[in-house]
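Colleague: One structure coming up, written as structure tokens, with questions to follow.
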Amino acid sequence: MATAAPSPPPPRPLVSSHATVRAAVSNAVGASARRGRLAAGDHPPQVAALQRGDWVKLICGASFEDAADVRNLSLVYTLAGVDCIDCAADASVVGAVNEGIDVAASIVSAVQRPWVMVSVNDDCRDLHFRKAEFDPEDCPPDCSKPCEKVCPADAISLERVMIEGKHSQSDPSCGKLEGGVITERCYGCGRCLSVCPYDRIRAMSYVRDPTMTAELLKRNDVDAIEIHTTGKGTDMFNTLWSSLGESINNVKLIAVSLPDVGDSTVNFMNAIYTTMQSHLQGYNLWQLDGRPMSGDIGRGATRETVSFAVHLSSVSNRPPGFYQLAGGTNPYTVDCLKKAGLFQSTTFPATSGVTDCQQALIGGIAYGGYARKIVGRVLRKVTAQFGHARIEDHPDYLLEALKEALSLVGPVKGYPTLPSL
């Protein structure tokens with residue numbers, strides 16, 4: 001039985017100048033949301049989106065635990081109409097997601113509440129579940145700090161100080177570096193590892209505690225779980241599945257995220273599905289993880305997940321469930337899917353065009369690094385000006401962030417082109 005989530009403190013009164021935000025949501029999301037509700041039938045609107053192929057998920061990051069940013073990201077992307085928000089399996093992070101959703105609903109009462117998904121792993125080798133670590137005192141004081149520059153999450157902060165405590169600009173060798181990795185912001189992309197000229201940065205991997213995860217799944221504000229697996233064997237998946245026990249029955253959707261491991265991929269997926277099948281009471285989804293944590297790098301990052309989708313769509317013995325892209329997704333993903341003939345299509349292009357499939361071959365797209373990047377630019381402005389602030393207290397910035405989110409969500413959802421906001 002689901003347990004009630006801890007009651008958050010009552011939100012402070014909102015500023016009155018959200019009319020432009022409400023108008024933007026109504027113009028962009030309103031008509032599409034109404035069509036979606038009419039087409040949903042007996043299914044939840046999130047499932048109807050998967051069937052149509054216009055499901056959008058925000059990935060906050062399986063290891064990203066900055067509650068303030070997660071809250072603001074969740075608020076903005078809820079207003080933009082995402083179907084699901086995926087976050088770390090941590091109680092405070094789940095609370096931050098739900099707080100962001102609640103505030104979005106207080107601004108636009110008709111907004112669809114996205115499902116909240118928690119991400120866990122069955123294997124410490126999964127790249128999404130690691131943190132960078134180093135001791136800044138081991139760093140030469142005159143280091144150019146490339147790790148700080150390359151980090152997409154602003155998770156490394158280094159300050160050069162003199163031994164006596166004063167800043168040293170003229171002679172860096174007289175000082176030392178202080179700071180290091182901001183652990184809650186690091187989501188394990190690994191870009192800092194290769195740029196350190198002194199090889200001082202380590203990746204510390206971990207596995208989420210299944211007992212704590214099982215408790216999270218009993219909450220009434222957690223709707224889905226995603227299990228990351230490496231595709232290197234089913235034993236660890238089976239162990240985790242067994243550890244979660246009856247708690248798995250509390251969620252509406254079970255997702256499995258996996259990489260393309262070549263010819264053995266489909267057999268591996270079918271073995272996983274056999275394990276899940278006996279306790280599968282809701283819906284299931286396969287997340288095709290192309291090039292993990294790379295969507296913000298550039299256009300080419302999306303090719304691997306689209307190629308993965310093409311491969312699986314052509315295979316007749318793939319397991320049941322919805323299929324969704326991730327890993328390298330960005331604004332070019334929709335165009336790549338269209339070129340492959342898989343955007344909201346129920347028929348694989350190489351077939352005769354006749355199909356018994358009642359749902360899109362690819363149910364939707366999950367956006368992570370790129371989604372955080374475009375809204376994060378706005379959040380950094382807020383932080384620089386006001387410190388750690390609630391973005392709804394600054395409607396101009398909220399509108400700017402919403403515009404960025406709509407530019408990513410809109411092409412999947414079929415929103416009308418926005419006028420200049």
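Colleague: Considering only the stretch 201-210, how many residues are touching a Cys at 6+ places or on another chain (Cβ under 6 Å) and either in a strand (DSSP E or B) or over 17 Å from R125 (Cβ atoms) (or both)?
Modeller: Of the residues in that region, 2 qualify.
Colleague: Related question: So L193 ticks every box in (1) open to solvent by 70 Å² or more (accessible area, probe 1.4 Å); (2) more than 25 Å from V116 (Cβ to Cβ); (3) touching a residue at least 60 places away in the same chain (Cβ under 8 Å) but one. Which box is left unticked?
Modeller: In the conditions (1) open to solvent by 70 Å² or more (accessible area, probe 1.4 Å); (2) more than 25 Å from V116 (Cβ to Cβ); (3) touching a residue at least 60 places away in the same chain (Cβ under 8 Å), L193 misses (1) alone.
Colleague: Now for a separate question. Could you count how many residues in the stretch 62-101 are closer than 16 Å to Y397 by Cβ, charged (D, E, K, R) and either open to solvent by less than 10 Å² (accessible area, probe 1.4 Å) or not assigned by the TED database to the domain that holds I365 (or both)?
Modeller: The total comes to 0.
Colleague: Out of all the residues in the stretch 275-287, is one or more open to solvent by 10 Å² or more (accessible area, probe 1.4 Å), without any contact (Cβ under 8 Å) to a residue 24 or more places away in the chain and in the same structural domain as D86 (by the TED database)?
Modeller: Scanning the stretch 275-287 turns up at least one residue that is open to solvent by 10 Å² or more (accessible area, probe 1.4 Å), without any contact (Cβ under 8 Å) to a residue 24 or more places away in the chain and in the same structural domain as D86 (by the TED database).
Colleague: State all residues of the stretch 250-272 that are out of contact with any Asp or Glu (no Cβ under 7 Å at 6 or more places or on another chain) and hydroxyl-bearing (S, T, Y); if no residue qualifies, say none.
Modeller: S264, T265
Colleague: Scan the stretch 50-97 for residues that are β-branched (V, I, T) and assigned to a strand (DSSP E or B) and jot them down.
Modeller: V56, I59, I85
Colleague: Hey, another quick one. Can you run down the residue pairs with Cβ atoms below 9 Å, 6 or more apart or on separate chains, where the first is in the stretch 52-69 and within 11 Å of V412 (Cα to Cα) and the partner is in a loop (DSSP other than H, G, I, E, B) and of a type in the set (S, T, N, Q)?
Modeller: R52/Q344; R52/Q359; G53/Q344; G53/S345; G53/T346; G53/Q359; D54/Q344
Here's the yes/no breakdown for (1) at pLDDT below 95; (2) in contact with a helix residue (DSSP H, G or I) (Cβ under 7 Å, 6 or more places away or on another chain):
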| site | (1), (2) |
| --- | --- |
| A132 | no, yes |
| P152 | no, yes |
| S168 | yes, yes |
| D171 | yes, no |
| G190 | no, no |
| C196 | no, yes |
| A203 | no, yes |
| Y206 | no, no |
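Colleague: Consider only pairs whose beta carbons are under 8 Å apart and that are at least six residues apart or on different chains; among these, list those whose first residue lies in the stretch 317-345 and is of a type in the set (F, W, Y) and whose second residue is open to solvent by 60 Å² or more (accessible area, probe 1.4 Å).
Modeller: Here the result reads F322/Y283; Y332/R299, each pair linking the stretch 317-345 to a residue that is open to solvent by 60 Å² or more (accessible area, probe 1.4 Å).
Colleague: Among the residues of the stretch 407-420, which ones are open to solvent by 10 Å² or more (accessible area, probe 1.4 Å) and within 22 Å of I101 (Cβ to Cβ)?
Modeller: Step one: list which residues in the stretch 407-420 are open to solvent by 10 Å² or more (accessible area, probe 1.4 Å), which gives 407, 411, 413-420.
Scanning the stretch 407-420 gives S407, K413, Y415.
Colleague: Return the residue satisfying two criteria in turn: it lies in the stretch 372-398 and is in a helix (DSSP H, G or I) and of a type in the set (A, V, I, L, M), and of such residues it is nearest to D69 (Cα to Cα).
Modeller: Selected residue: L379.
Colleague: Now for a separate question. (1) open to solvent by 50 Å² or more (accessible area, probe 1.4 Å); (2) of a type in the set (V, I, T); (3) modelled with pLDDT of 90 or more: which one isn't true of V15, the others all being true?
Modeller: (3)
Colleague: Quick one: which of A110, A105, A31 is closer than 22 Å to G410 by Cβ, modelled with pLDDT under 95, open to solvent by 10 Å² or more (accessible area, probe 1.4 Å) and in a helix (DSSP H, G or I)?
Modeller: A31
Colleague: Here's a follow-up. Quick check on Q324: is it surrounded by fewer than 17 Cβ atoms within 10 Å (Cβ to Cβ) and not acidic (D, E)? First the steps, then the outcome.
Modeller: Working: surrounded by fewer than 17 Cβ atoms within 10 Å (Cβ to Cβ): no; not acidic (D, E): yes.
Considered against the rule, which asks whether it is surrounded by fewer than 17 Cβ atoms within 10 Å (Cβ to Cβ) and not acidic (D, E), Q324 comes out as no.
The values are calculated or read from the model by the stated rules, or taken from the named source; none is laboratory data. Here the structure is a predicted model, which is why all the values come from computation and not from measurement. Note that each Cβ is placed from the backbone with ideal geometry, even for glycine, and that neighbours are counted across all protein chains shown. With ligands, DNA and RNA removed, areas are computed over all heavy atoms of the protein, side chains included. Shrake-Rupley method; radii C 1.70, N 1.55, O 1.52, S 1.80 Å.
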